Amino acid sequence: TNVKPAAPYLLRYSSLLNAGKSEASPLLLFQRSFFSRTLPNLCKDESNGDGKGKKENEESAKKDEEMPDDGVEDVASQTGEQSSVVTRPVIRRPSTSISLTNPSTFQQSEKRIISPDEVFPDEVPIIPLYRRPLMPGLITPFTVRDQDFIQQVVKKEFSRSGEGYVGLFLVDQDVREGEKITNATQLRSVGCLGRVTRTVPVNADSTVLLISGVQRISLHDIVQYDPVLRGSIEELANKNVNVQDTMIKAYTMQIVSTIKEIVKLNPFFKEQLQTFLDQVDIHNPAELADFAAALTTVPGTELQEILETLDVESRLTKVAKLLEVELETSRVQMKIQKEMEEKVSKAQRQHFLKEQLKAIKKELGLEVDEKENLLEKFRSRLEKKDIPKEANKVIEGELSKLQMLEPSSSEYNVTRNYLEWLTQLPWGIYHKDNLNLTHASKILEKEHYGLEDVKRGILEFIAVGKLTGSVQGKILCLVGPPGVGKTSIGKSIAHALNRKFFRFSVGGMTDIAEIKGHRRTYVGAMPGKLIQCLKTTETSNPVVLLDEIDKIGKGYQGDPSSALLEVLDPEQNHNFLDHYLDTPYDLSHVLFVCTANTLDTIPRPLLDRMEVIQLSGYVADEKMSIAKRYLIPEERKKAGLTAQDVAIKENALKVLIGQYCREPGVRNLKHHIEKIFRKAAFKIASVEEEHGERSKLDIVHSNLPDFVGKPVFTSDKIYEKTPPGVVTGLAYTPMGGTTLYVETVTDPTGHKSDINVTGQLGDVMRESSRIAYIFAKHYLPRVVPESRFFETSNIHVHVPEGATPKDGPSAGCTLVTALLSLAMNQPVRQKLAMTGEITLTGLVLPIGGVKEKILAAKRSGMKTVIVPEGNRKDVEELKPYVYEGLDIYTAKSYDDVYRVAFSQGVVVGASPLSLPTTKELKEAAKQSEAEASSEETS
Ligand SMILES: Nc1ncnc2c1ncn2[C@@H]1O[C@H](COP(=O)(O)OP(=O)(O)O)[C@@H](O)[C@H]1O
Ligand SMILES: [Mg+2]
């Protein structure tokens, strides 16, 4: 509906009446009261300026009788309630003119002595108006909250007859709204006499008065301020009401036509006002002007000006101007409204059309509701899965949430993604383990050469699983130098068990969210690696390889190793809580395999939960076999070659392993073989291009450098022959065992009798060198009693390579030997390497990594190795291929070391450990087999 604020009085009135449950429409009432005074005027003598005085016209009376309020009044007056007449001061109109006009009506009016149109009181309660004055001829509802007024005036005076008079005056401009009037000057002198035609109590402290404007009045004086404002008043008559005046006529017509224009623009009042205007007599310019002025939305002061203008012509002039402005405002308002409507309707239309299009598409089967599709998809995914109660609750909640959401909202996408994850996870899906031992051992043998210990460990592990029904709750940790096959054997475990395999490297991981996921509140949030792994492998029991676990980082985003702990701990991981998933997932069926180069940097609590399997480096023979059986065929195939095209001869391979690839693992060897085949492929391809046929290429010792360049210079080999003061030690690093040299020289310029140490040595090794120095000082006199070497020399000890940090006590023996060798100026036995911690009293203590150290000694071509007596057991447990070709001596105290190191040829007073050779072992095995069979037969 269109609501136009052009006629506020009418509007407010209408709402009031609705509240009062009146049946009459507001405008009709208005018209009646208007007519009741307007129409008689039109008939009366125009020359009489005081138009209000003669209202005995029959029509007027008739109209008045139609008014319900008037009717009530009539009854009251007719029953002769004289008291009300007496108590109320009234102005009695001169009745002469009335009687002259029509004596019979006069008679009638004599009976109705308080007919409102005839007599007005000369003293009335005053209602100050704060916004707009009331114009004569208009009706307004007026809410009274002043309790004094309600008690004194409304209840006492108005209630008897149901009506009364009030004077309505606009307050002066500087009186604030609600301010009490204390002085007559605070009110404008011209106001409107209002007849209260009805009082409606709204609630305990407010009453609504329905006031109709009767007549212009002027405020003579204020006769009472408290408790109720009362004033004496005088009527004001219109001036120059000459209807025949052309100017007045013209203005009247102008006003009527402008009102018509306004009405045209305002459909709400159109119909009723139209009727009214058709009936209005343009010969009644004074009241027309008042009515028109009240229609406008001008401020109170301007309206007051109209009220104060008694001269009809100038009133018409002013009102005509006001109406013009009003019309213009209406036009602008209309325009704005139209524009708004257009805008809104355009959007509405589009929406409507889109909805229709959707409906049509659906009807034609062109497009099924996307959301329904999605929900269907999610539900079908869940069908064959065994979802835990807790997760199910979350999923159901999210599904119903998705149904409610608008597809264009961001929340929708978040929920959708979340559901994608929740429904894609392999809840309750498990691969059946293959716990057949022969199958497992076959696969392990097929995929890896050697590694007996590891394979045995894995088979044992599977055997336990077979007996207990599952391999649950175990974490394997494969530790060893790079390139020895840790990662690839992890994969083989999955093959052997017939499980899915997932590998992720935790090396360098610093963000805990990679394991535990991001909370869903983040944009682009994702679950952690483990949940991702379950999604990709589509099974709840894959083999998960946590690669490089010793290199796990520590970031500012929390400690990833603590998250790993939660993942690996069998006590916790059946309730693994990913931040994104936000509902627990059972990881206890996952078989975790970790790999590491060293155990040192693995957080202790993590290590405690793992079953460690050591992989040591390979010796040359093993590398040879691995190369022949796995690396060469594999790489040859990758290069697109066959055995007929290229062959790497045994002697070439030996050189390759012995001089190019001496590290414990085989990754470097693999790269070299790859390089050889790449170059070979190029040669073969270019020859084929030239001659049109393939030729066979043999790679032998002599042409090897063509393919892989000159042998790289390695640190193990910086001395072909060790001079006095230089001794070979053995060290164990995460990259495997290695040889290292201890060099000592005297520094003639330095302080006397002191030792200087360089080579990035750690605290333990520094201490160890001090101990060695003290011990050597004491030991020297026992072998060369006259030597004053240590007292007179400043010694410098260095351990190359200087850039590699080194630490540990195991170089103790080596340091002592190097110092003694320097002191005696005597080189030690060639191709000798040693390891062992030394105490101040010269005891040799056991050390770790014996196998790696012995392998390293063998790799760098040593002949004799000294190990602490405490490590004898470790040596005896080794496979013959590890120690074959080495003389291994054990040392209890430094004397044992000295005996071997400073003698040439056969060692007097000691002999190397007698260890079984491969041949002997084989024979022994054969023999025991034969014995067993003979026992059986007997
Ligand atoms: N015993 C072995 N038998 C066959 N191949 C091996 C063996 N050890 C290592 N390899 C191969 O050497 C390469 C490097 O092994 P990898 O598992 O990556 O080492 P790591 O993880 O211990 O650093 C792989 O191609 C692997 O197949
Ligand atoms: Mg690896």
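Only the coordinates and a few stated rules stand behind these numbers; no lab work does. Model, not experiment: these values are computed from the prediction. No Cβ is skipped: glycine too gets one built from the backbone with ideal geometry, and neighbour counts run over all protein chains shown.
Summary table
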quantity: Taking the convex hull of Cα positions in segment 412-496, its mean projected area over all directions (nm²); calculated: 8.0 nm²
quantity: Pairwise label distance in nanometres, residue 254 with residue 362, each label 7 Å out on the Cα-Cβ vector; calculated: 6.3 nm
quantity: Charged-residue dipole, Cβ positions (Lys, Arg, Asp, Glu), segment 668-776 about Cα centre, Debye nearest 20; calculated: 100 debye
quantity: Where chymotrypsin sites (Phe, Trp or Tyr not before Pro) fall in DSSP loop in segment 636-713, at most 11 other Cβ within 10 Å; calculated: 713
quantity: Farthest positive-ward along segment 437-614 dipole, Cα basis, beta-carbon charges - from 497, 602, 476; calculated: 497
quantity: Separation between Cα centres of segment 366-396 and segment 724-740, rounded to whole Å; calculated: 63 Å
quantity: Loop-located trypsin sites (Lys or Arg not before Pro) in segment 143-207, at most 14 other Cβ atoms within 10 Å (DSSP); calculated: 145, 176, 180
quantity: Partners for residue 442 among lysines (Cα-Cα distance below 17 Å; same-chain residues under 8 apart left out); calculated: 455, 466, 491
quantity: Packing rank of 383-392, 246-255, where each peptide gets the mean count of other beta carbons within 10 Å, highest leading; calculated: 246-255, 383-392
quantity: Gap separating the Cα centres of segment 817-876 and segment 521-566, nearest whole Å; calculated: 43 Å
quantity: Estimated D of segment 496-544 in µm² per second, where Rh is the Kirkwood radius over Cα pairs and Stokes-Einstein applies at 4 °C, 1.567 mPa s; calculated: 109 µm²/s
quantity: log₁₀ of I(q)/I(0) at q = 0.14, 0.17 Å⁻¹ - segment 721-920, Debye sum with one point per alpha carbon; calculated: -0.74, -1.10
quantity: Label-zone membership for segment 510-547, site residue 401, 7 angstrom Cα→C-beta point, backbone N under 17 Å; calculated: 518-527
quantity: Potential extension, residue 767-residue 927 segment - 0.36 nm per residue separation minus Cα distance; calculated: 52.4 nm
quantity: Positive-end residue of 448, 374, 388, charge dipole of segment 334-473 with Cβ unit charges; calculated: 374
quantity: Pairs beyond 20 Å (Cα-Cα), from 264/335; 654/683; 474/554; calculated: 654/683; 474/554
quantity: Relative packing of 475-486, 424-435, 779-790, which averages over residues the other C-beta atoms within 10 Å, highest first; calculated: 475-486, 424-435, 779-790
quantity: In nm, spacing of pseudo-spin labels at residue 804 and residue 629 (7 Å Cα→C-beta vector); calculated: 3.0 nm
quantity: Qualifying GluC sites (Glu not before Pro) in segment 852-901, DSSP loop, other Cβ atoms within 10 Å at most 14; calculated: 877
quantity: Label point at residue 417 placed 7 Å out along Cα→Cβ; residues across segment 526-563 whose backbone nitrogen lies under 11 Å; calculated: 526-527
quantity: Extension gain from residue 174 to residue 470, taking 0.36 nm per residue of separation minus the Cα-Cα distance; calculated: 97.0 nm
quantity: Gain on full stretching of the segment that runs from residue 337 to residue 183 - 0.36 nm per residue minus C-alpha separation; calculated: 50.9 nm
quantity: Spatial separation of Cα centroids for segment 315-356 and segment 414-472, in angstrom; calculated: 77 Å
quantity: At R0 = 45 Å, FRET efficiency that the Cβ-Cβ distance of residue 521 and residue 355 yields, to 0.05; calculated: 0.85
quantity: Calculated P(r) tail over 16 Å for segment 620-708, as whole % of Cα pairs; calculated: 49 percent
quantity: Mean shadow area of segment 370-424, taken as a quarter of the surface of its Cα convex hull (nm²); calculated: 3.4 nm²
